[in-house]
Amino acid sequence: MTTRWTRKDLLGLRELSADEINLILDTADAFKQVGTREIKKVPALRGKTLVNFFVEPSTRTRTSFELAAFRLSADVINISTTSSSLTKGETLKDTARNLEALHADILVLRHSSAGAPQFLANRLRASVINAGDGAHEHPTQALLDLYTIREKREKIAGLHVAIIGDILFSRVARSNIFGLLKLGARVTLVGPSTLVPREFEKLGVDVSYKIDDVLPSADVVNLLRIQHERQRREYFPGIGEYVRLFGLTKERAKLLKPDCLIMHPGPINRGVEIDSDVADGLQSVILDQVTNGLAVRMAVLYLCGGIAT
Amino acid sequence: MNQKKQNSSGVVPIMDGEAIHRVLRRIAHEIIERNPQLEKVVIAGIPSRGVEIARRIAAFIHEIEKIVIETGVIDVAMHRDDVGTRPELPVVRASKLPLSLEGRTVIIVDDVLYTGRTVRAALDAINSFGRPARIQLAVLVDRGHRELPIRPDYVGKNLPTAAAEKIRVQLKETDGVPDAVHLEKQ
């Protein structure tokens, strides 16, 4: 593999080549091993400062980035929206510039506005890692999904991946679509027509509103979280109806191929997008995703943060 | 066979396949001599060529003593002390060492020993796996110019070099060409 990593930032999967994605996944292989050592630490980013700047709150992703940074021996600062000066009216640009004045080397940003990471990446010397910007992209989530599929099935090209749920508002779905298509998978989106517009076919994916038609040919099923409150109000009549039409119930799970992988970015709504027993069943790789998330984030931090500036 | 004959491009052959074969077999004998409890030994190579050399040494030991000796891989890329100073990031690979290093002897294997910084990174890597009883070092070529107080236990060939010169090691399994060691003069 002669691909070199030359980017200081990771903003999304849309602009990456298949070779670059594979380089990240290969690098994640090496870092996954670190988690099995007695001393789970390597000095690769020793002396570097990473700032977790989560304007949109998150515990899981932030913790994953934090742990990844610690394992690489970096120093970590966590800033969340309530405690930040943004509430006092400081602009995003000024907040970030202040962080840079403290010699922050890597900025992990989650923001409710699409494009916020790009905005900062263009203005800061620091590496900017997109931890989710609006409904745009969540590259590290898609990368860990790709890694998990590759780990279990050895390759991604030629697989049929069904992404089920709220696609319209999902940055996880978008990043996954870009990554899967680049690596040669076939993608079908499934969900209520209010949340899965046909427009998406323009990206090169199939759209279906009948989950039972799609499940038998799926090699991977990636279930997206239903965000109750907003969606129940506006996009479908109720949770019961969603479960009946699109939930991965025990009965529906019988339609799956025996080696089909069941994935979910978390946190799961047991009994909504997925039946409780199915979530804990043999085909579920949901916990592997969490472990792999750590390895993938270590790889991303190493590649973006390790280049000489 | 080992006459230093310089061709027009400044490349001097130092060792051929047979010479490499002989020194690795000699190193295997030395390891057996100095480690009475071979079952406690792990021969761990530094990618890429160190891994192949470790495999060959283990094969020799198996031939001589009829015992299967444990091998491993020590990836040093993530333990280097110069990350962030090089324009190109080194490729990282997964390391592989036994779960418990307690009471064991780890023999680090690499193709060329030069400044000693790669070996320092290997010691750091081993440290994160555990605390072996002893660590030894085996190298195919020692070219001098140490920048750290590191010394090898087993050496294939001592080859004093000038700093501007380069040592090139080629192995069939990693490079796809016949085994050889060359010295490139500038």
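Report Rg (one decimal) and Dmax (nearest whole number) for the protein assembly as shown, counting Cα atoms only, units Å.
Using the Cα atoms of the protein assembly as shown, the pair Rg, Dmax is 26.5, 87 Å.
Report the calculated FRET efficiency for A:Asp19 and B:Glu88 (r = Cβ-Cβ distance, R0 = 22 Å), to the nearest 0.05.
Step by step, r from the Cβ atoms, then E = 0.90.
Using 24 Å as the Cα-Cα cut-off, could you pick out the over-long pairs in A:Lys40/A:Lys93; A:Lys210/A:Lys254; B:Lys157/B:Lys185; A:Lys48/A:Lys152; A:Lys8/A:Lys32?
Over 24 Å Cα-Cα: A:Lys40/A:Lys93; A:Lys48/A:Lys152.
Taking the alpha-carbon centroid of each part, what is the distance from the stretch A:240-279 to the stretch B:33-59 in angstrom?
One Cα centre to the other: 49 Å.
Output ³J(HN,Hα) for the stretch B:120-137: one whole-Hz value per residue in order, computed from phi by the Karplus curve 6.51 cos²θ - 1.76 cosθ + 1.60 with θ = phi - 60°, and x for Gly and Pro.
For the stretch B:120-137, the Karplus curve yields 4, 5, 5, 4, 4, 4, 4, 4, 7, 8, x, 10, x, 5, 8, 10, 10, 10 Hz.
Based only on the alpha carbon positions, what is the Kirkwood hydrodynamic radius of the stretch A:204-309, in angstrom?
Radius from the Kirkwood sum: 15.6 Å.
If neighbour count is taken as other Cβ atoms inside 10 Å, put A:Phe31, A:Phe54 in order from fewest to most.
Result, fewest neighbours first: A:Phe54, A:Phe31.
Equivalent ellipsoid semi-axes for the stretch B:86-139, as square roots of 5 times the alpha carbon gyration tensor eigenvalues: give them largest first, rounded to whole Å.
In descending order the semi-axes read 22, 15, 9 Å.
On C-alpha positions alone, give me the angle between the axis of helix A:139-153 and the longest principal axis of chain A, in degrees, nearest 10.
60
Amide H to amide H under 5 Å from A:Thr188: which residues, 5+ apart in sequence or cross-chain, H placed 1.01 Å off N in plane?
For A:Thr188, the qualifying residues are A:Val161, A:Ala162, A:Ile163, A:Asp206.
Sequence neighbours fewer than 8 away in the same chain don't count; with that in mind, list the lysines whose C-alpha is under 26 Å from B:Lys66.
Cα-Cα hits under 26 Å: B:Lys40, B:Lys96, B:Lys172.
Among B:Tyr154, A:Tyr235, rank each residue by its count of other Cβ atoms within 10 Å, from fewest to most, as a rough exposure measure.
Listed from fewest to most nearby Cβ atoms, that is A:Tyr235, B:Tyr154.
Let me have the 222 nm mean residue ellipticity of chain A computed from DSSP H runs of 4+ only, each contributing -39500 (n - 2.57), with the sum over all residues rounded to the nearest 500.
Computed ellipticity for chain A at 222 nm equals -11500 deg cm²/dmol.
What FRET efficiency comes out for B:Val68 versus B:Arg131 if R0 is 22 angstrom and r is the Cβ-Cβ distance? Round to the nearest 0.05.
With R0 = 22 Å, the Cβ-Cβ based efficiency is 0.35.
Over the residues of the stretch A:14-142, compute the C-alpha Rg and express it relative to 2.2 N^0.38 Å.
Dividing the Cα radius of gyration by 2.2 N^0.38 Å gives 1.08.
What is the order of B:Met15, B:Met78, fewest Cβ neighbours within 10 Å to most?
If I rank by nearby Cβ atoms, fewest first, I get B:Met15, B:Met78.
Within the P(r) computed for chain B, what percentage of the Cα pairs occupies the region above 22 Å?
When every Cα pair of chain B is considered, 47 percent fall beyond 22 Å.
Please determine, in degrees from 0 to 90 and to the nearest 10, the orientation of helix A:92-101 with respect to the longest principal axis defined by the Cα atoms of chain A, where the helix direction is its Cα long axis.
With both axes taken from Cα atoms, the answer is about 50 degrees.
Rule-based calculations on the coordinates, nothing more; no lab input. The structure displayed is predicted, hence computed values, not measured ones. We place every Cβ from the backbone using ideal geometry, glycine too, and count neighbours over all the protein chains shown.
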